[in-house]
Amino acid sequence: IWKTMLSACNIHKNAEMAQRVFKEILEIDPNDSACYVLLANVHASAKRWRDVSEVRMSMRDKNVKKEPGISWFEHKGEVHRFKMGDRSQ
């Protein structure tokens, strides 16, 4: 439920509420990288660039790593997956 609320804060550009929700999420899982990224995106949507920087620095200081996105697609009946940095063989 907390992540849903954080996403809603992003949609409505409510950075203050997002910060409160983020703190609740940290109580449950302090290493949830997706929540750090989403909070940074909320601040970016609200043009709060200093706050974006603070969230990113906090991630770095706490060694919280963003998980790379993975894409999946089907081609000729076979499912392929790739992530940024993969090379074709």
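What follows draws every value from the coordinates through simple rules; no lab data is involved. In this text, all values refer to a predicted model and were calculated from it rather than measured experimentally. Counting neighbours? That spans all protein chains shown, and the Cβs are built from the backbone with ideal geometry, glycine included.
Say R0 is 30 Å: what FRET efficiency, to the nearest 0.05, do VAL37 and LYS76 get from their beta-carbon distance?
Details: r = 34 Å, r/R0 = 1.14.
According to the calculation, E is roughly 0.30.
Our Cα-only numbers for the chain put the radius of gyration and Dmax at 16.0, 48 Å. Scoring 28-37, 65-74 by mean Cβ neighbours within 10 Å over their residues and listing the highest first yields 28-37, 65-74.
Under the criterion of Cα pairs below 8 Å and six or more residues apart, the relative contact order for the range 2-83 equals 24 percent. In this simple spin-label model, placing a label point 7 Å from the Cα along the Cα-to-Cβ direction at both ARG60 and LYS23 gives a separation of 2.5 nm.
Helical content of the chain, expressed as a calculated mean residue ellipticity at 222 nm, amounts to -18000 deg cm²/dmol (DSSP H runs of 4 or more residues, -39,500 (n - 2.57) each, divided by residue number, nearest 500).
Given R0 = 25 Å, the distance between the Cβ atoms of SER53 and LYS13 translates into a calculated FRET efficiency of 0.90.
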